[in-house]
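S.K.: Before anything else, here's the structure in question.
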């Protein structure tokens, strides 16, 4: 097979900024045809409920059933799937769930309040959402880790009802995925997928309950449906292809770095893997390792296309130049494969997750380190955060004004309201001044 044409960029070249922009460019918005098809599916689910779900499931997933209840799995079926798994998979799922739960316990928000000298009470009450829907794709890879990462923070937040939707193409669903649902505490699964699943979770049907928020990855139809139901329900984010950015000083085994780049490239042909180093010889060594190791991987064709179309090796004059590039790229995953990686943290402002040191491959974060692997992509780490407990909790303001406070605040509110020409507001506040 021909040598992989992995892009090589030099940060000192005059045209580097334009080259980097072209490399990072990604348009995740679906076209008008997809938008319309999704809108039609949502409208049909809203109008015909379960009947439409049955038809779409037969059409898109080739799974025809006579009764909607055949698309519903309860706690017993989910537990049975877990018990069918090999012992090592049971143990790995349990360990991952425990670690993810433990990490997210630290994110729990707390209610608080205080009283001013005049007796006025101000504060914030934190409460969980009532019901959340987890969407899990049904493609070639059984994404058990996605179940744990999406469900566990909702459980820790105190969401009382976490339901899951996942397609069952040709009537097949992975025991590995169902086993993950078991350890994540999910006891109700709907075997539905695509835009129709998102519509059912958003608006409810006779069988599928409406939820408050929908989280989880999916294809362009799922992402488009999430966009269209946002406002009716909350959503996590509209995710683009997976990304990894590795910064290495040249002292890490080139094969380790090559495999780290593969770990994201194997997700999808649109995934992006980038390596930054000041050492040109090291970049050559990594490129050689990529060529040597690539044929040994099951998803080699996907990786090859991903690396050739969206991957890059970037050489900087000095490693001190790397943080500015990192913040410009705002990667989903950032590996700092350098000496004293913690000293870099003050310089890194934009990244979904940071993996510190040579022995912290991104793959550990995907599965069992503890922090969430649902991360902002396509540069949105500039303003989005990882999925967490805070995404499943709401904050309600508390205001309890004392009689004395009403006189002080009422006078201020009156002036501001009349300045806005909202006299009912002003008179409402002024009435308390007369008390």
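S.K.: Test residue 95 against the criterion of being out of contact with any helix residue (DSSP H, G or I) (no Cβ under 6 Å at 6 or more places or on another chain), under 24 Å from residue 392 (Cβ atoms), assigned to a helix (DSSP H, G or I) and in contact (Cβ under 8 Å) with a residue 60 or more places away in the chain, and give yes or no.
M.R.: yes
S.K.: Which of the numbered conditions does residue 19 fail, given that it passes all the others? Conditions: (1) surrounded by 15 or more Cβ atoms within 10 Å (Cβ to Cβ); (2) touching a residue at least 40 places away in the same chain (Cβ under 8 Å); (3) over 26 Å from the mean Cα position of the chain (by Cα); (4) outside any loop (DSSP other than H, G, I, E, B).
M.R.: Every condition holds for residue 19 apart from (2).
S.K.: Please go through the range 102-116 and give me each residue that is over 24 Å from residue 158 (Cβ atoms) and touching a helix residue (DSSP H, G or I) at 6+ places or on another chain (Cβ under 9 Å), ordered by number. Walk me through how you get there before you give the answer.
M.R.: So in the range 102-116, the residues over 24 Å from residue 158 (Cβ atoms) come out as 115-116.
Once the filter is applied, which keeps residues that are over 24 Å from residue 158 (Cβ atoms) and touching a helix residue (DSSP H, G or I) at 6+ places or on another chain (Cβ under 9 Å), the range 102-116 yields only 116.
S.K.: Additional query: Using the structure shown, decide if residue 122 is assigned to a helix (DSSP H, G or I), over 16 Å from residue 173 (Cα atoms), in contact with a strand residue (DSSP E or B) (Cβ under 9 Å, 6 or more places away or on another chain) and in contact (Cβ under 8 Å) with a residue 40 or more places away in the chain.
M.R.: On the way: assigned to a helix (DSSP H, G or I): no; over 16 Å from residue 173 (Cα atoms): yes; in contact with a strand residue (DSSP E or B) (Cβ under 9 Å, 6 or more places away or on another chain): yes; in contact (Cβ under 8 Å) with a residue 40 or more places away in the chain: yes.
So residue 122 does not fit the description; no.
S.K.: Same structure, new question: Got a sec? Which of 360, 408 is within 30 Å of residue 117 (Cβ to Cβ) and surrounded by 15 or more Cβ atoms within 10 Å (Cβ to Cβ)?
M.R.: Values: 360 fails: within 30 Å of residue 117 (Cβ to Cβ).
Within the list 360, 408, the selection yields 408.
S.K.: Within the range 227-268, which residues are within 30 Å of residue 200 (Cα to Cα) and assigned to a loop (DSSP other than H, G, I, E, B)? Walk me through it before giving the result.
M.R.: Step one: filter the range 227-268 for residues within 30 Å of residue 200 (Cα to Cα), giving 227-242, 267-268.
Within the range 227-268, 231, 232, 236, 237, 238, 239, 240, 241, 242, 267, 268 qualify.
S.K.: Residues to consider are 117, 88; find the one that is part of a loop (DSSP other than H, G, I, E, B), free of Cβ contacts under 8 Å to residues at least 60 places away in the same chain, surrounded by fewer than 24 Cβ atoms within 10 Å (Cβ to Cβ) and not assigned by TED's automatic domain parsing to the domain that holds residue 199. Spell out the reasoning first.
M.R.: Working: 88 fails: part of a loop (DSSP other than H, G, I, E, B).
Of the residues listed, the single one that is part of a loop (DSSP other than H, G, I, E, B), free of Cβ contacts under 8 Å to residues at least 60 places away in the same chain, surrounded by fewer than 24 Cβ atoms within 10 Å (Cβ to Cβ) and not assigned by TED's automatic domain parsing to the domain that holds residue 199 is 117.
S.K.: Still on this structure, I have one more. Looking at (1) more than 26 Å from the chain's Cα centre (by Cα); (2) part of a helix (DSSP H, G or I); (3) crowded, with 16+ Cβ neighbours inside 10 Å, find the lone condition where residue 304 falls short.
M.R.: (1)
S.K.: Looking only at the range 254-288, count every residue that is touching a residue at least 24 places away in the same chain (Cβ under 8 Å) and farther than 14 Å from residue 301 by Cα and tell me the total. Lay out the reasoning, then the answer.
M.R.: Step one: of the range 254-288, the residues touching a residue at least 24 places away in the same chain (Cβ under 8 Å) are 254-283, 285-288.
Keeping just the survivors that are farther than 14 Å from residue 301 by Cα gives 254-261, 272-283, 285-288.
Within the range 254-288, residues that are touching a residue at least 24 places away in the same chain (Cβ under 8 Å) and farther than 14 Å from residue 301 by Cα number 24.
S.K.: Ok, one more. With respect to residue 374, determine if the residue is touching a residue at least 60 places away in the same chain (Cβ under 8 Å), touching a helix residue (DSSP H, G or I) at 6+ places or on another chain (Cβ under 6 Å) and closer than 30 Å to residue 262 by Cβ. Full working, then the answer.
M.R.: Numbers: touching a residue at least 60 places away in the same chain (Cβ under 8 Å): yes; touching a helix residue (DSSP H, G or I) at 6+ places or on another chain (Cβ under 6 Å): yes; closer than 30 Å to residue 262 by Cβ: yes.
Judged against the criteria, residue 374 is a match.
S.K.: Within the range 55-81, work out how many residues are touching a helix residue (DSSP H, G or I) at 6+ places or on another chain (Cβ under 9 Å), over 22 Å from residue 226 (Cβ atoms) and in a helix (DSSP H, G or I).
M.R.: Of the residues in that region, 7 qualify.
The values are calculated or read from the model by the stated rules, or taken from the named source; none is laboratory data. Fair warning: this is a prediction, and the values are worked out from it, not measured in the lab. Positions of Cβ are backbone-derived with ideal geometry, glycine not excepted, and every protein chain shown enters the neighbour counts.
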